[in-house]
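The values are calculated or read from the model by the stated rules, or taken from the named source; none is laboratory data. In this text the structure is predicted, and so the values were computed from the model without any measurement. Reconstructed Cβ throughout: ideal geometry from the backbone, glycine too, with neighbour counts over all protein chains shown. Side chains included, ligands, DNA and RNA excluded: accessible areas come from the protein's heavy atoms. Shrake-Rupley method; radii C 1.70, N 1.55, O 1.52, S 1.80 Å.
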Amino acid sequence: MIQTPKGTYDVLPADAARREVVEAHARKVLGAAGYERIETPAFEVTDLFLRGVGEATDIVQKEMYTFDDGAGRSLTLRPEGTAPVCRAYIQHGMHKRPQPVKLWYLGSFFRAEAPQRGRYRQFSQVGAEVVGSSAPATDAELIVLLGQLLDVLGARETRLALSSLGTPETRAEYRDELAAYLHVHADRLSPEVRSRIDLNPLRAFDATDPGTRETMRDAPKLLERLAAEDAEHFAEVRALLDDAGVRYHLDPTLVRGLDYYTRTVFEFSSAALGAQSGVGGGGRYDRLIEQLDGPATPACGWAAGVERILLSAAELPVAPRLVDLFVALAKPAGVRTAFALTGQARRAGLQAQLELAGRSLRGQLKHADRIGARYVAIVADGSVAPVSLKDMESGEQRETDAENVIPTILRASRLA
Ligand code: AMP
């Protein structure tokens with residue numbers, strides 16, 4: 001039996017309904033703030049991600065689905081949405097539009113990761129990007145909107161971690177300082193942390209052994225090394241979040257996986273999830289557009305995983321599907337009349353379904369009941385096409401002509 005490839009899943013109808021709720025709320029929350037929908041291709045020229053995500057990142061090193069298109073071009077299934085949106089911004093000269101350009105997207109992304117609960121090889125992200133503004137209010141607005149979206153969707157036990165990364169130059173200097181500090185205290189570190197001092201000194205903040213943890217308490221922090229204007233920007237973002245009543249904790253170890261972040265970074269996690277607790281996050285990426293050969297343009301954005309939102313939200317109120325009319329077939333059946341009646345009912349704005357399975361009349365009525373149909377029209381063969389219209393709520397049934405069915409239901413709906 002052929003099954004879904006490892007790390008992928010089918011969205012069955014019940015799940016599709018919940019995913020539509022996520023999309024509807026995203027459209028509402030982001031649309032109300034003036035964000036416009038953008039869609040970019042599922043695959044891009046590989047170079048976009050090499051330059052836009054960073055050659056040294058886990059994504060580029062290990063997780064990309066890259067293939068040759070048969071004509072010597074290297075393409076990659078998109079692992080993230082920010083670089084493609086920036087590519088589109090540059091390609092379509094969006095810097096000539098009134099700034100900033102506020103965009104949102106929802107679509108599939110692909111990463112060759114080891115699958116587990118909440119981690120898939122094809123997953124969906126909803127994301128928002130504001131390109132062309134360096135205002136701290138932009139960072140704060142984006143954070144508020146993601147928080148609002150998670151709230152209306154009922155994501156449970158969420159926590160917001162916030163930090164600032166300053167500039168890549170500050171970061172490089174800080175890294176050296178931290179590595180030097182770790183070398184001085186090497187004898188108190190775990191062997192694993194010690195062996196990675198020069199490779200990735202920041203990882204030492206994640207260590208759990210007492211010796212390393214104690215050493216890290218007094219280690220220099222990046223937030224204390226920010227350049228004056230970066231520190232000022234961060235203070236302003238925090239003041240705006242405080243005013244908006246957004247709760248967050250400062251996490252000096254928040255690094256995020258991508259190279260392109262500058263200044264503000266943030267991440268919402270949910271304690272209701274397992275090991276993969278990140279629900280959504282993002283930050284400012286003031287150098288990315290320039291790095292992709294566009295005009296120097298500040299920008300900020302986030303992406304949230306649709307599957308993780310759904311995993312962390314216990315109940316999503318999915319509207320029950322309504323069926324106004326089920327068109328059943330008597331014996332002998334007036335199939336052509338029944339088919340025409342179903343179509344007319346749909347054009348009149350009713351939710352209508354036609355019997356397609358060859359069930360007995362009893363079976364059809366049972367099925368109509370199961371799908372919650374309000375009326376059943378039983379159509380028999382004959383030149384006058386007599387129809388029996390049954391009100392499923394009252395059980396009342398009466399003979400009528402086919403052309404009376406739709407007006408009767410519409411009248412009843414208006415009265416209801
Ligand atoms: P990132 O682009 O890595 O910051 O991811 C943003 C969000 O996308 C994460 O917080 C997750 O909710 C979601 N996400 C990332 N990778 C995966 C994955 N492999 N499977 C499911 N969701 C993911």
- Message: Run the simple label-point estimate for Q3 and L361 please: 7 Å along Cα→C-beta, distance reported in nm.
- Response: 4.7 nm
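Quick one: with all protein chains in place, what share of the accessible area of region 324-416 is carbon or sulfur, to the nearest percent (1.4 Å probe)?
On the way: 2830 of 5550 Å².
Whole-percent figure for carbon plus sulfur exposure: 51.
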- Task: Using a 10 Å cut-off on Cβ atoms, rank the peptides 79-91, 11-23 from the highest mean neighbour count down.
- Result: 79-91, 11-23
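Using the Cα centre of region 42-162 as the reference point, and only Cβ charges (+1 on K/R, -1 on D/E), how large is the resulting charge dipole? Debye, rounded to the nearest 20.
On the way: 14 positive and 14 negative charges, 35 e Å.
Roughly 160 debye for region 42-162.
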- Query: Based only on the alpha carbon positions, what is the Kirkwood hydrodynamic radius of region 285-416, in angstrom?
  - Reply: 18.0 Å
- Can you check what the Kirkwood hydrodynamic radius comes to for the chain, Cα pairs only, in Å to one decimal? 25.3 Å
- Note on the structure: Taking placed amide H atoms and a strict 5 Å upper bound, the residues 5 or more places from L354 or on another chain that come that close are V327
- Query: Amide H neighbours of A330 under 5 Å, counting only residues 5+ apart in sequence or on other chains, H built in-plane at 1.01 Å?
  - Reply: V379, A380
- Spin-label model distance (nm) - A416 vs R194, 7 Å beyond Cα toward Cβ: 7.5 nm
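Test of understanding: what is the full-extension gain from D10 to R117, defined as 0.36 nm times their sequence separation minus their Cα-Cα distance?
On the way: separation 107, 0.36 × 107 = 38.52 nm, distance 1.48 nm.
Extending this stretch completely gives an extra 37.0 nm.
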- Item | Förster-model FRET efficiency, 35 Å R0, A314 and R346, C-beta, rounded to 0.05 | 0.50
- Please name whichever of T262, S190, F43 sits farthest to the positive end of the charge dipole of the chain, dipole taken about the Cα centre and charges placed at Cβ: Lys and Arg +1, Asp and Glu -1. F43
- Message: Taking the Cα centroid of region 153-177 and of region 307-370, what is the distance between the two, rounded to the nearest whole Å?
- Response: 51 Å
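Where does the chain land at 222 nm, in deg cm²/dmol rounded to the nearest 500, when only DSSP H runs of n ≥ 4 count, each adding -39500 (n - 2.57), divided by all residues? Mind dumping the intermediate values first?
Numbers: 13 runs with 148 residues, N = 416.
Estimated from H runs of four or more residues: -11000 deg cm²/dmol.
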- Check the straight Cα-Cα distances from K366 and name the aspartates and glutamates below 15 Å, setting aside those fewer than 8 residues away within the same chain. E355, D391, E393
- Relative to the longest principal axis of the chain, what angle (0 to 90°, nearest 10) does the C-alpha long axis of helix 361-370 take? 30 degrees
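Express the accessible area of the chain per residue in Å², computed with a 1.4 Å probe while the remaining protein chains stay in the model. Before the final figure, lay out each step's value.
Working: 21300 Å² over 416 residues.
In whole numbers, the chain has 51 Å² accessible per residue.
If you rank R111, R374 by how much accessible surface each has, with a 1.4 Å probe, what is the order from largest down? Spell out each step's value before the answer.
Numbers: R111 45, R374 80 Å².
Solvent-accessible surface, decreasing: R374, R111.
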